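K.L.:
Starting off with a structure, shown below.
The values are calculated or read from the model by the stated rules, or taken from the named source; none is laboratory data. Quantities reported herein were computed from a predicted structural model and do not represent experimental measurements. We place every Cβ from the backbone using ideal geometry, glycine too, and count neighbours over all the protein chains shown. Areas reflect the complete protein model, heavy atoms only, side chains present, ligands, DNA and RNA absent. Shrake-Rupley method; radii C 1.70, N 1.55, O 1.52, S 1.80 Å.
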Amino acid sequence: VSEKSAVIISVGTELTEGIIRDSHGAFLSSELTRRNVSVRRIEQLPDDENLLSQFSRAVADADLLIITGGLGPTTDDITREVCASLFGTALELREDVWEMMIKRYPALSGRANRRQAMIPGACEALDNPFGTAPGFTGVLGTTRVFALPGPPKELTGMSNLYLFPFLEKELKLSAREVTEASLFLIGESRLEDACRALADSNPVYASMSWGTRVQEYRISLYLRGSSEEVRLSFLQALQKRFGAELVQPGDVTADSLLSAALLETGASFAAAESCTGGLLGVLLTAVPGSSAYFLGSCASYADSFKEKFLHVPREIINRYGAVSEECARAMAEGVLAAGEADWACSITGIAGPSGGTDEKPVGTVWIGLAGKGMKSLGIRFLFGYNRDSIRRRSVVAAMVLTEKYLRGLDALDMCRFWQYS
Ligand code: ATP
């Protein structure tokens, strides 16, 4: 069977004027690719008179055209009119669609929304249980066209309800199974090199493919094809290479791992942050329900502040500097005591671009760990790139280590073997 091809077109002046960012292209293309559909291109087009020629071009080029957006009730939403021209038919009011709409949303009756129940004559209406605008689908020559609404929840809902089942039932294109993992502190090119080397090392990986998505605080890795056993053995090899703590199965974040551990153990946690200025607190408080375990984070940037609020002895700062094992430990111990927390961590480092020395170059970060009745710990890192990335890596490392530390694992020993950068 030859591979099916697709073109995805997101319609909306908001997209081409830079007001919103297209998320449908990425979602649809990854779902189509999973089903062995080859995506020729992803376009973003304004709602204007050029749409018709662009739609026609896509129909000529692909077996599948997926159009998103522009199905709303206002006059600037023209996708349905343009599709009627594309199919060479008039728009027809579908009474059944209209009845369904006002049954769901009685306030709509008699309003401009009636337009939304108009579908190109040659097409089948797709009822939209996720919102008002119905979608529609039809066939032009050998090309199947889907028009789906633009609001993200509606687009994903309608895709799951109609588009993907169509691919599976009609085209017999089922999703290849995927194993997802979340990787921390590891650079994209380094990960790519590792995957490539691994794939080349063993023919069993030949029928498996990988893809990555770089996110702010992690990289998501998707392993596709072959069997689950093979995908898991690939993942285990990566864990061995980079450290199991840095290669977590599933779609997880460092803050969700730490939050889960705190919630599970019923323990409380506080942090003291110097070069990250409260970033760790921002991430932890983004998790709903975090007040159950997170007491707070002291953004203790200046030395005087560390001294006053965390009771870091001036002598430590004078003797070892604020970026030192001693200071990191004193900060963690200080916030543990002041906050009466069960566990605490601290972050102190040189995020740059200035302030580095030969002994303590930019990127030097000490993470301190303290726990009630425990000996505190300081761990040194050297993170790369720039200020932003050093700060992000610092909070991720602090959260990963705290999670291990409070579970009683030897955090220090573990991260000696980390391969990050
Ligand atoms: P309705 O008008 O009923 O909401 P519609 O099909 O006309 O549906 P649009 O008006 O095109 O949808 O988009 C509605 C909203 O959905 C946009 O304001 C935007 O917030 C979001 N949206 C639309 N297209 C995209 C896209 N490609 N990526 C991300 N968000 C989008």
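K.L.:
How many residues are in contact (Cβ under 8 Å) with a residue 40 or more places away in the chain and outside any strand (DSSP E or B) when one looks only at the stretch 208-224?
P.N.:
Summing the residues that are in contact (Cβ under 8 Å) with a residue 40 or more places away in the chain and outside any strand (DSSP E or B) in the stretch 208-224 gives 3.
K.L.:
Here are the criteria: (1) open to solvent by 10 Å² or more (accessible area, probe 1.4 Å); (2) under 23 Å from residue 411 (Cβ atoms); (3) assigned to a helix (DSSP H, G or I). Tell me which single one residue 230 does not satisfy.
P.N.:
So the condition that residue 230 fails would be (2).
K.L.:
So how many residues does the stretch 34-85 have that are hydroxyl-bearing (Ser, Thr, Tyr), open to solvent by 10 Å² or more (accessible area, probe 1.4 Å) and either in contact (Cβ under 8 Å) with a residue 24 or more places away in the chain or within 25 Å of residue 127 (Cβ to Cβ) (or both)? Steps first, answer last, please.
P.N.:
First pass over the stretch 34-85, keeping only residues hydroxyl-bearing (Ser, Thr, Tyr): 38, 53, 56, 68, 74-75, 79, 85.
From the residues that got through so far, the ones that are open to solvent by 10 Å² or more (accessible area, probe 1.4 Å) too are 38, 53, 56, 74-75, 85.
Subset that is either in contact (Cβ under 8 Å) with a residue 24 or more places away in the chain or within 25 Å of residue 127 (Cβ to Cβ) (or both): 38, 56, 74-75, 85.
Summing the residues that are hydroxyl-bearing (Ser, Thr, Tyr), open to solvent by 10 Å² or more (accessible area, probe 1.4 Å) and either in contact (Cβ under 8 Å) with a residue 24 or more places away in the chain or within 25 Å of residue 127 (Cβ to Cβ) (or both) in the stretch 34-85 gives 5.
K.L.:
Out of all the residues in the stretch 65-107, which are among the acidic types (Asp, Glu) and touching a strand residue (DSSP E or B) at 6+ places or on another chain (Cβ under 7 Å)?
P.N.:
Hits for the stretch 65-107 are 81, 92.
K.L.:
Select from the stretch 282-308 the residues that are surrounded by 16 or more Cβ atoms within 10 Å (Cβ to Cβ), out of contact with any Phe, Trp or Tyr (no Cβ under 7 Å at 6 or more places or on another chain) and among the hydrophobic types (A, V, I, L, M, F, W, C) and list them in ascending order.
P.N.:
Those that are surrounded by 16 or more Cβ atoms within 10 Å (Cβ to Cβ), out of contact with any Phe, Trp or Tyr (no Cβ under 7 Å at 6 or more places or on another chain) and among the hydrophobic types (A, V, I, L, M, F, W, C): 283, 287, 299.
K.L.:
Got a number for residues in the stretch 160-177 being open to solvent by less than 80 Å² (accessible area, probe 1.4 Å) and in contact with a helix residue (DSSP H, G or I) (Cβ under 9 Å, 6 or more places away or on another chain)?
P.N.:
7
K.L.:
Further question on the same structure: Based on what the data block shows, is residue 392 assigned to a helix (DSSP H, G or I), closer than 26 Å to residue 252 by Cα and charged (D, E, K, R)?
P.N.:
On the way: assigned to a helix (DSSP H, G or I): yes; closer than 26 Å to residue 252 by Cα: yes; charged (D, E, K, R): yes.
In short, yes.
K.L.:
Is it the case, given these coordinates, that residue 207 is surrounded by fewer than 17 Cβ atoms within 10 Å (Cβ to Cβ), over 21 Å from the mean Cα position of the chain (by Cα) and of a type in the set (Ser, Thr, Tyr)?
P.N.:
yes
K.L.:
While we're on this one: Does the stretch 241-259 contain any residue that is over 19 Å from residue 218 (Cβ atoms), modelled with pLDDT of 95 or more and open to solvent by 20 Å² or more (accessible area, probe 1.4 Å)?
P.N.:
No, the stretch 241-259 contains no residue that is over 19 Å from residue 218 (Cβ atoms), modelled with pLDDT of 95 or more and open to solvent by 20 Å² or more (accessible area, probe 1.4 Å).
K.L.:
Looking only at the stretch 130-145, filter to residues that are away from the ligand (no atom under 13 Å from the Cβ) and small (Gly, Ala, Ser); which one of those is nearest to residue 58 (Cα to Cα)?
P.N.:
Residue satisfying both the conditions and the ranking: 141.
K.L.:
Filtering the stretch 14-26 down to residues that are touching a Leu at 6+ places or on another chain (Cβ under 9 Å) and farther than 15 Å from residue 146 by Cα, which residue is surrounded by the most Cβ atoms within 10 Å (Cβ to Cβ)?
P.N.:
Going through the qualifying residues, I end up with 15.
K.L.:
Now a separate question. What's the number of the only condition in (1) farther than 20 Å from residue 71 by Cβ; (2) open to solvent by 40 Å² or more (accessible area, probe 1.4 Å); (3) under 21 Å from the mean Cα position of the chain (by Cα) that residue 29 fails to meet?
P.N.:
Status for residue 29: all satisfied but (2).
K.L.:
Look through the stretch 106-129, keep the residues that are in contact with a helix residue (DSSP H, G or I) (Cβ under 8 Å, 6 or more places away or on another chain) and more than 19 Å from residue 79 (Cα to Cα), and return whichever of them is nearest to the ligand (Cβ to nearest atom).
P.N.:
Ranking the qualifying residues of the stretch 106-129, first place goes to 108.
K.L.:
Can I ask one more? Do any residues in the stretch 306-324 that are without any contact (Cβ under 8 Å) to a residue 24 or more places away in the chain have Cβ atoms under 7 Å from those of residues that are surrounded by fewer than 16 Cβ atoms within 10 Å (Cβ to Cβ), where the two are at least six apart or on different chains, and which pairs are they?
P.N.:
307/314
K.L.:
Does any residue in the stretch 238-254 that is among the hydroxyl-bearing types (Ser, Thr, Tyr) come within less than 7 Å, Cβ to Cβ, of a residue that is open to solvent by 30 Å² or more (accessible area, probe 1.4 Å) and part of a helix (DSSP H, G or I) six or more places away or on a different chain, and which pairs are these?
P.N.:
Once the first residue is among the hydroxyl-bearing types (Ser, Thr, Tyr) and sits in the stretch 238-254, no partner that is open to solvent by 30 Å² or more (accessible area, probe 1.4 Å) and part of a helix (DSSP H, G or I) comes close enough.
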